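Asker: Could you have a look at this structure, given as structure tokens, before my questions?
The values are calculated or read from the model by the stated rules, or taken from the named source; none is laboratory data. Predicted model, so just to flag it, every value in this text is computed and none were measured. Reconstructed Cβ throughout: ideal geometry from the backbone, glycine too, with neighbour counts over all protein chains shown.
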Amino acid sequence: MGSCSMRCSALVTWFILPCVLLGAERPEATSSRPKDKPFFAKPFLLGAHRGGAKLWPENTLLAFRSAAKRWPDVLLETDARLTADGHVVLLHDDTVDRTTDGTGPVAEMTLAEVKKLDAGYRFTPDRGKTFPYRGKGVQIATLAEALAAVPDVRFEVELKPCKGVTEPTLRVIRQAGAEDRVLLASFDSRLIFQARRIAPQLAYCHEFLGGLSMLGKLRSGGKQWADYQPKAKVLSLMREMLSRFKVTPAEIRAMQAKGIYFQIHTPNSRQAIQQALDLNPDSILTDRPDLLAELIAERSRSR
């Protein structure tokens, strides 16, 4: 994130505040389900986190194209930041150090400077034995390039907490005609609030305050939950949060019955993905979409 303190504050709020709710009565699921946005017309269980970060250089056109070719219905997750000259680029960290041969904050670089970097430089599938994409022309991608590269594939775009990122991101989505295939998320509630005001037609993940409020109403049960109308369509939780918050399968079913899609991120081992699938989520984001696809297929065959 652009600000470590902001990120930590958001995560601490997620981890600590819901604990006051853990003793509340568990409600029954309701049967109402609001009309879905076009994004949800097809299942999106198979999610490639950063395009499949364990398989290809993360957040690159190489990753997005490779994942989309292999799994046409994949959900491609990515991260949006701004360059110094206002271009929306796809990079998880606030610096280019971890994933490229360059150094420094991306917010202090122009797009031209960013494009000179080798985004495949540090990718290694075998813990440093080989670096198969070094010098292969893999670049940091812009959001516009990604949406154009795989025009029929859905994206989950996380707005990183960098100043001014919301409006340029929405503008790129609109210019690409991609409103029906983008799901927006952010740890920064302010960015989501701003995006909703500008583009209410898009699909959104719950920001952490909205998710906290929803969880409180669910656990209060009764009229509070019966009257609750979701302001976002997806609740996305790290798998560590599930045990920390003691989220039960019954609560997941209750959220789903209310029209809230439940997403888990980021299980990467076979065991962790199996455990996530056991909860019957609507979506799983993983750095190993190949392993997730294999396990989904195994379960389909067994049924």
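Asker: Search the range 238-278 for residues being in a strand (DSSP E or B) and modelled with pLDDT of 95 or more, and hand back the single one that is farthest from Gly221 (Cα to Cα).
Answerer: Only one residue tops the list, namely His265.
Asker: Scanning the range 104-117 for residues that are surrounded by 16 or more Cβ atoms within 10 Å (Cβ to Cβ) and of a type in the set (A, V, I, L, M), which turns out farthest from Gly164 (Cα to Cα)?
Answerer: Leu117
Asker: Just to verify a result, which residue in the range 162-214, among those that are of a type in the set (Asp, Glu) and outside any loop (DSSP other than H, G, I, E, B), is nearest to His92 (Cα to Cα)? Spell out how you get there, then give the answer.
Answerer: Pass one, the range 162-214, residues of a type in the set (Asp, Glu): 167, 179-180, 188, 207.
Those still in the list that are outside any loop (DSSP other than H, G, I, E, B) too: 167, 179-180.
Details: Glu167: 19, Glu179: 22, Asp180: 23 Å.
Restricting to residues being of a type in the set (Asp, Glu) and outside any loop (DSSP other than H, G, I, E, B), the top hit is Glu167.
Asker: May I ask you to list pairs of residues, at least six apart or on different chains, whose Cβ atoms are under 9 Å apart, with the first in the range 161-172 being without any contact (Cβ under 8 Å) to a residue 12 or more places away in the chain and the second being of a type in the set (A, V, I, L, M) and crowded, with 20+ Cβ neighbours inside 10 Å?
Answerer: Filtered contacts from the range 161-172: Arg171/Val88.
Asker: A further question follows. Suppose the filter is surrounded by 14 or more Cβ atoms within 10 Å (Cβ to Cβ) and within 22 Å of Ala63 (Cβ to Cβ); does Gln263 pass it?
Answerer: Taking the combined requirement at face value, the residue satisfies it.
Asker: Another question about this same structure. Where residues in the range 74-103 are under 19 Å from Ala195 (Cβ atoms) and of a type in the set (Gly, Ala, Ser), which of them is surrounded by the fewest Cβ atoms within 10 Å (Cβ to Cβ)?
Answerer: This residue is Gly86.
Asker: Considering only the range 159-173, state which residues are surrounded by fewer than 23 Cβ atoms within 10 Å (Cβ to Cβ) and either in contact with a strand residue (DSSP E or B) (Cβ under 9 Å, 6 or more places away or on another chain) or of a type in the set (Gly, Ala, Ser) (or both). Walk me through it before giving the result.
Answerer: Here is the first cut: in the range 159-173, the ones surrounded by fewer than 23 Cβ atoms within 10 Å (Cβ to Cβ) are 161-164, 167-168, 170-172.
Cys162, Lys163, Gly164, Pro168, Leu170, Arg171, Val172, listed by residue number.
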